[in-house]
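Quick note: the coordinates plus some simple rules give every number you see, no bench work behind them. Just so it is clear, the structure is predicted and the values come from calculations on it, not from any experiment. Reconstructed Cβ throughout: ideal geometry from the backbone, glycine too, with neighbour counts over all protein chains shown.
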Amino acid sequence: MDTPKSSALHVQEGIEQPSRINPYLNKKKIKRPTLLSKQAYIDGILSQNIIVLSQAITLIESNLREHHELGQEIIEACIPYASNSVRIGITGVPGAGKSTFIDVFGKHITSLNHKLAVLTIDPSSERSKGSILGDKTRMDELSLDKNAFIRPSPSAGSLGGVARKTRETIILCEAAGFDTIIVETVGVGQSETAVHSMVDFFLLLMISGAGDELQGIKRGIMEMADTIVVNKADGDNLKKAELTKVQLSNALKLFPLSPSQWRPCVLTSSALHNQNIDEIWNVINEYVAHAKANGYFVQNRLKQSEKRFYHFLEEELFTLFYSDEGVKAQLPHIEKLLLDNKISAYAAGKKLLDLYIKNTCDKLQK
């Protein structure tokens, strides 16, 4: 029996919902950026063209094989023009105000007629592999400075959030005329070890009033620091910041001298009120002069080159292994055996390695 239209149970005919997919999407031609020649990239970088520099960094961050090879050629050509900078690593506990500090600190550096490149590492999602890359939005003043270049990069799942190609990016920025490089890490964790191996000076940002400061941070990170800055030392927090400074200074006295023979100091600052920023820059200059005088600066740079060498080998071997056709064909099958608990992780890995070695030997014999 039909329900009368006047009844409350009567269902009105609905309106057909539009498709969630844009019907014009496939009709639009997506214009992909055209690759420049190797020489065009090199000339653009050396002439301090920021657009070309950005494109070159995107190139070396790409996972495409042809981009990788072109990027390595560009890096090789830029190496003779690099190494003329001071590399500063900055890390800190969550909430220490790293971005605000870098914004104010960077403006101080550019006011002294220096050219500054800020390389920030944005953590990638483990699920979507995406990143927000919003560091520029937190550095209002510096992002508008003509003598500053801010480059956020996704961590892409690399160790502790350090971008896979940060070392190569530093070379390109130095070749483009930037005499001061800041590398900002995601936060306290494994990334500090990687960043420490690619900078000249390591700055640790701390805050007071966040629990036991000496227990809330790993001893190893404090040992790596060339200077500790207690940030947000203003207003009602000023006395706490001074107390934290004394506590950290006493703790540092228990640590042995670093290979640079530099005794780290503890400073207070307020990025919000631009206080003691010049003092921090002066300490960095004192450290650089000290390290150059005793030869550690050059020695450390050579160690960085060694690290870059091993990093390159690891990346190349990783890429060659997973690009092997035999490995790509067998990987799903081996992975299924592993997930079905029919083979151990060790045996699965050995099978693929043996296959890769056999395929490589066969290619060499042809």
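List the residues, sorted by chain then number, that are 5 or more residues from residue 227 or on another chain and whose placed amide H is less than 5 Å from its amide H.
202, 204
What is the local net charge at residue 258, summed over the other residues whose Cβ is closer than 12 Å to its Cβ (Lys, Arg +1; Asp, Glu -1)? Walk me through the numbers on the way to the answer.
Values: positive: 263; negative: 223, 226.
Summing Lys and Arg as +1 and Asp and Glu as -1 gives -1.
Multiplying the sequence separation of residue 43 and residue 293 by 0.36 nm and subtracting their Cα-Cα distance, what value in nm do you get?
86.6 nm
Can you sort 297, 105, 309 so the residue with the fewest Cβ neighbours within 10 Å comes first?
309, 297, 105
Taking amide hydrogens as modeled 1.01 Å from N in the peptide plane, which residues meet the under 5 Å criterion relative to residue 86, leaving out close sequence neighbours?
Under 5 Å from the amide H of residue 86 lie the amide H atoms of 180, 181, each far enough along the sequence or on another chain.
Over the Cα atoms of the stretch 34-81, what radius of gyration and what Dmax do you get, in Å?
Both quantities, over Cα of the stretch 34-81: 9.7, 27 Å.
Between residue 301 and residue 360, what length in nm is gained on full extension when 0.36 nm per residue of separation is reduced by their alpha carbon distance?
That works out to 17.7 nm of additional length.
In what sequence do 265, 173 fall when counting other Cβ within 10 Å, fewest first? Could you put the intermediate results ahead of the total?
Values: 265 18, 173 27.
Taking fewest neighbouring Cβ atoms as first place, the list is 265, 173.
So how much slack lies between residue 141 and residue 313, counting 0.36 nm per residue of separation and subtracting their Cα-Cα distance, in nm? Before the final figure, lay out the partial values.
Details: separation 172, 0.36 × 172 = 61.92 nm, distance 3.92 nm.
Value of the extension gain: 58.0 nm.
What list of ³J(HN,Hα) values in whole Hz, one per residue of the stretch 332-338 in order, does the Karplus curve 6.51 cos²θ - 1.76 cosθ + 1.60 (θ = phi - 60°) give from phi, with Gly and Pro shown as x?
Residue by residue, the stretch 332-338 yields x, 5, 5, 5, 5, 4, 5 Hz.
Using a Cα-Cα cut-off of under 12 Å, which aspartates and glutamates could be cross-linked to residue 303, ignoring same-chain neighbours fewer than 8 residues away?
Partners found: 200.
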